[in-house]
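Chemist: Supplied in C-alpha cells, the structure appears directly below.
The values are calculated or read from the model by the stated rules, or taken from the named source; none is laboratory data. Just so we're clear, the structure is a prediction, and the values are computed from it rather than from any experiment. Don't worry about glycine lacking a Cβ; one is built from the backbone with ideal geometry, like all the others, and counts go over all protein chains shown. Protein only, heavy atoms only, side chains kept; ligands, DNA and RNA dropped before computing areas. Shrake-Rupley method; radii C 1.70, N 1.55, O 1.52, S 1.80 Å.
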Amino acid sequence: MAISNMKALIPGELHLVWDFILDVENYTAWRSDLSKTEVISDKQFIEYTKDGCPTTFTVTFVDPYRRWEFDMENSYMKGHWIGVFTDKGNETEIDFTERVEAKKWLLKPFVKAYLRKQQAQFATDIRGALKGM
C-alpha cells in the first residue's frame, strides 16, 4: 500500500476553503484533471478523469470545517483519503493523506509518484481558483 501526504497553505479563510473543496458538483470549473463529476448522494460521488476513467468516492466521516474522509475506488486502485483543515487566519492549511493500493501489480511501483503528482496538481488548481476570491 502506498501512502502519500501533502500539506499546503491555501489563500482564504477556513469556511471559504472548506465549502469550496466540498462543493463536488463544481469541481470541473477549477480541477484541471477532471471532465465531470456526478453526485450520487450526500455520501457518494464519482469523478471522471479527462480520459473518462471513473473513480467512486464514498464519504466515511465528516467533522465540519475540520476533517473530511472517504474511501475511493476505480478499476486501477482502491484506498482511503483523509483531509484535515486548519484555520490559519486569512489562509487555511490543508493536510491530505491518501492510502492507496494498486489493483494491478504492474502499477504498484508507480502509485506513490502518481499520488504525489495528483496532490500537487490539486493544490495548484485550488490556489488558482481561489486567487481571485
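Chemist: Using the Karplus equation 6.51 cos²θ - 1.76 cosθ + 1.60 (θ = phi - 60°), what ³J(HN,Hα) coupling, rounded to whole Hz, does each residue of region 56-73 give in order, writing x for Gly and Pro?
Modeler: Coupling constants for region 56-73: 9, 10, 10, 5, 10, 7, 9, 10, x, 6, 9, 8, 9, 10, 7, 8, 9, 7 Hz.
Chemist: Now for a different question. So how exposed is Lys50, as accessible area in Å² (1.4 Å probe, rounded to 10)?
Modeler: Lys50 exposes around 140 Å² with every protein chain in place.
Chemist: Could I ask something else about it? Can you compute the helix-only [θ] at 222 nm over the chain? Use -39500 (n - 2.57) per DSSP H run of at least 4 residues, normalise by all residues, nearest 500 deg cm²/dmol.
Modeler: Working: 2 runs with 28 residues, N = 133.
Calculated at 222 nm, the ellipticity per residue is -7000 deg cm²/dmol.
Chemist: How far is helix 111-130 tilted off the main Cα axis of the chain, in degrees rounded to 10, range 0 to 90?
Modeler: Long axis of 111-130 versus the principal axis of the chain: about 30 degrees.
Chemist: Extension gain Asp19-Gln121, at 0.36 nm per residue separation less the Cα-Cα distance, in nm? Walk me through the numbers on the way to the answer.
Modeler: Numbers: separation 102, 0.36 × 102 = 36.72 nm, distance 1.91 nm.
Fully extending the segment from Asp19 to Gln121 adds 34.8 nm.
Chemist: Report the relative contact order of the chain, percent, no decimals, based on alpha-carbon pairs under 8 angstrom and at least 6 residues apart.
Modeler: Details: 254 pairs, mean separation 40.8, N = 133.
Over the chain, the number comes to 31 percent.
Chemist: May I pose another question? What is the spin-label model distance, in nm, from Trp30 to Ile3 if the labels are put 7 Å beyond Cα along the C-beta direction?
Modeler: 2.9
Chemist: What accessible area per residue comes out for the chain, rounded to a whole number of Å², with a 1.4 Å probe? Can you show the working numbers first?
Modeler: On the way: 7650 Å² over 133 residues.
That works out to 58 Å² for each residue.
Chemist: How large is the Rg to Rh ratio of the chain when both quantities use alpha carbon positions and Rh follows Kirkwood? Before the final figure, lay out each step's value.
Modeler: Values: Rg = 14.4 Å, Rh = 15.2 Å.
Result: Rg/Rh = 0.95.
Chemist: In square angstrom, rounded to the nearest 10, how much accessible surface does Glu69 have for a 1.4 Å probe?
Modeler: 30
Chemist: Could you tell me which of Val84, Phe20, Ser4 has its Cα farthest along the dipole of the chain towards the positive end, charges placed at Cβ (Lys, Arg +1; Asp, Glu -1), taken about the Cα centre?
Modeler: Going by the Cα projections, it comes out as Ser4.
Chemist: Given bins 5 angstrom wide, list per bin the percent of all Cα-Cα distances in region 1-74, short to long.
Modeler: It works out to 3, 13, 21, 26, 23, 12, 2, in whole percents.
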